[in-house]
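The values are calculated or read from the model by the stated rules, or taken from the named source; none is laboratory data. Note that this is a predicted model, so its numbers are computed, not measured. Methodologically, a virtual Cβ is constructed for each residue, glycine included, from the backbone with ideal geometry; neighbour enumeration extends over all protein chains shown. For accessibility, only protein heavy atoms count, side chains too; no ligands or nucleic acids. Shrake-Rupley method; radii C 1.70, N 1.55, O 1.52, S 1.80 Å.
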Amino acid sequence: FFADKENNFWVVGGALFLSNLSANQLIGENESIYTDNMSVMAWGVSSVFAMLIVSKYFLPIYFKTNSMTIPDYLGKRFDGATKRWVSLIFLCSYLVNLLPAVLYGGAVAFTGMFDTGLLTEINYWSSIWIMVWVIGIIGTIYSIFGGLRAITISDSVLSIGILLVGIALPYYGFSYLGDGDFVNGLNLVLSQRTEHLNSIGGKNSEIPFGTIFTGMLIMNLYYWGMEQYIVQQAMTAKNLKHSQKGMALACLGKLLSPFLINIPGLIGVHLLTNLDNTAAVFPRVVGITLPDVLIGLTATIVLGAAITTFNAGLNSSSTLFILNIYKPFKERRQKEVNDLDLARKAKLFQIVISMVAMFAAPFILFVESGFYTYIQQLSGMFCIPIFTVILLGFCTKTITPFAAKSGMVLFILTYVIAN
């Protein structure tokens with residue numbers, strides 16, 4: 001579950017960056033730029049501030065209290081029931097939102113880059129189903145047999161590929177727009193349809209400017225400091241110092257990531273007109289502008305990013321279930337539990353939830369609000385109550401366990417009714 005806590009800061013940084021960078025972002029953010037503007041890049045750039053806060057204040061608390069999971073901390077701060085409730089909320093979040101969305105995003109990207117429908121003479125719906133199951137099966141096998149150690153090492157290797165693609169994609173994209181001249185292509189993007197260049201969102205934008213300092217800050221603090229599958233990557237470090245350095249390295253990656261995540265959407269604005277499926281902007285731009293070798297490399301990166309985020313979600317889900325639900329249940333019934341049994345049950349649990357996610361993922365295609373909006377709406381339902389309880393746990397000792405549990409339940413019910 002924790003890679004024997006032997007990872008240095010290079011491995012931790014790569015794991016944090018790649019666990020965050022998934023096909024969801026590549027598909028969703030480029031779609032937002034194509035339909036709106038560059039304001040969506042605020043998700044990545046503004047997250048650096050939150051990451052530094054997490055590194056300075058949150059990680060020392062987790063290491064000091066020896067909390068292996070976020071519910072572990074809440075169990076020590078409040079009570080065992082709070083620990084179980086939060087574990088269940090995390091599991092619901094991963095099963096409903098994270099795992100299906102990662103599979104769907106990877107399937108859309110891979111299908112678009114290689115136009116698998118034309119190659120195999122099957123329709124788009126069937127192509128999505130096939131790619132969802134390919135990614136899901138590979139990811140499940142990798143997670144079950146490799147564990148978190150294998151996942152973090154593969155993340156570090158993929159980071160190198162991300163850097164190469166992040167340099168190549170803007171170069172070839174602008175050159176294609178400029179008929180072989182990079183400067184002409186860049187000037188075209190800077191001089192025409194400039195409304196898409198605006199990074200300061202208005203009231204009707206997907207990311208209004210004011211939300212950067214309010215709701216977005218809360219979401220980023222939650223994600224980098226309280227999201228189980230992210231914190232679990234940081235907790236694989238040898239010690240607090242390596243964990244903090246790894247977080248700082250991931251900050252650098254987030255500052256550079258717009259070259260890969262956001263520029264393709266701008267290129268797509270000028271390259272693709274009247275696109276019916278706007279979620280296909282990123283793969284279409286890659287397939288049109290890059291040489292065959294780099295298309296293959298990009299496909300590898302996208303597939304690897306989808307698999308590694310899926311793996312991290314699977315591993316964290318089994319960690320929460322085994323350590324916070326299954327093991328305490330067995331101990332309460334005074335049954336002996338050994339590590340081999342826990343490992344077997346963890347693998348079985350990963351197979352079950354991966355199957356559920358693979359069946360659910362293709363149906364995201366029919367969400368009317370758009371892929372990225374769908375992800376953020378579901379995230380808000382689960383992350384805000386957990387964020388509130390953890391933050392109050394950090395700041396005060398007067399909040400009771402009953403108040404923590406009732407607050408979480410009330411928020412989720414209200415959120416569901418309101419949306």
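Determine how large the accessible area of Tyr172 is when every protein chain is in place; take a 1.4 Å probe and give Å² rounded to the nearest 10.
Ignoring ligands and nucleic acids, Tyr172 comes out at about 80 Å².
Within region 76-100, whose backbone N sits under 20 Å from a point 7 Å along Cα→Cβ of Phe363?
91-100
The chain: D in µm²/s via Stokes-Einstein (Kirkwood Rh, Cα pairs, 10 °C, 1.306 mPa s)? Present the calculation step by step, with values, prior to reporting the outcome.
On the way: Rh = 21.9 Å.
The Stokes-Einstein estimate is 73 µm²/s.
Can you compute the modelled spin-label distance between Lys397 and Gln334, with each label point 7 Å from Cα toward Cβ, in nm?
Between Lys397 and Gln334, the simple spin-label model gives 3.5 nm.
For an R0 of 25 angstrom, estimate the FRET efficiency from the Cβ-Cβ distance between Lys241 and Phe182 and round to the nearest 0.05.
Numbers: r = 42 Å, r/R0 = 1.68.
So, using R0 = 25 Å, E works out to roughly 0.05.
Given the whole protein assembly as supplied and a 1.4 Å probe, what does the accessible area of Leu266 come to in Å², nearest 10?
20 Å²
Any idea which of Tyr222, Ser205, Gly246 is furthest toward the positive side of the dipole for region 176-280, if Lys and Arg beta-carbons carry +1 and Asp and Glu beta-carbons -1?
With unit charges placed on the Cβ atoms, the residue in question is Gly246.
What value, in deg cm²/dmol to 500, does the helix sum -39500 (n - 2.57) over DSSP H runs of n ≥ 4 give at 222 nm once divided by the residues of the chain? Can you show the working numbers first?
Details: 22 runs with 309 residues, N = 419.
The per-residue figure over the chain is -24000 deg cm²/dmol.
Calculate how steeply helix 240-256 sits against the longest principal axis of the alpha-carbon atoms of the chain, using the helix alpha-carbon long axis, and give the answer as 0 to 90 degrees to the nearest 10.
The helix 240-256 is inclined about 20 degrees to the chain.
Measure nothing fancy, just the Cα-based angle from helix 23-35's long axis to the longest principal axis of the chain, in degrees from 0 to 90, nearest 10.
50 degrees
How many percent of the accessible area of the chain is carbon or sulfur, using a 1.4 Å probe?
Values: 11730 of 17960 Å².
Percent of accessible area from carbon and sulfur atoms in the chain: 65.
What whole-number value in Å² describes the accessible area per residue of the chain for a 1.4 Å probe?
Values: 17960 Å² over 419 residues.
Roughly 43 Å² per residue, with all protein chains present.
Please give the charge dipole size of the chain, origin at the Cα centre, charges +1 on K and R Cβ atoms and -1 on D and E Cβ atoms. Round to the nearest 20 debye.
On the way: 25 positive and 22 negative charges, 429 e Å.
It works out to roughly 2060 debye.
Pop out the ³J(HN,Hα) list for region 362-367 in order, Karplus 6.51 cos²θ - 1.76 cosθ + 1.60 with θ = phi - 60°, rounded to Hz; leave Gly and Pro as x.
So the J values, rounded to whole Hz, are x, 6, 5, 3, 8, 6.
Between Ile53 and Ile167, what length in nm is gained on full extension when 0.36 nm per residue of separation is reduced by their alpha carbon distance?
Values: separation 114, 0.36 × 114 = 41.04 nm, distance 2.92 nm.
Between Ile53 and Ile167, full extension yields an extra 38.1 nm.
What residues of region 68-108 lie in the reach of a label at Ile417, counting those whose backbone N is under 12 Å from a point 7 Å from the Cα along Cα→Cβ?
none
With every protein chain present, what accessible area does Trp85 have (1.4 Å probe, heavy atoms only), rounded to the nearest 10 Å²?
Surface open to solvent at Trp85 totals about 110 Å².
So what are the radius of gyration and Dmax for the Cα set of region 11-72, in Å?
Considering region 11-72 through its Cα atoms, Rg and Dmax are 15.3, 46 Å.
Go through Tyr415, Tyr142, Tyr57, Tyr34 and list them by solvent-accessible area, largest first, probe radius 1.4 Å. If you can, show how the numbers build up before the last one.
Working: Tyr415 50, Tyr142 90, Tyr57 140, Tyr34 30 Å².
Most to least solvent-accessible, the answer reads Tyr57, Tyr142, Tyr415, Tyr34.
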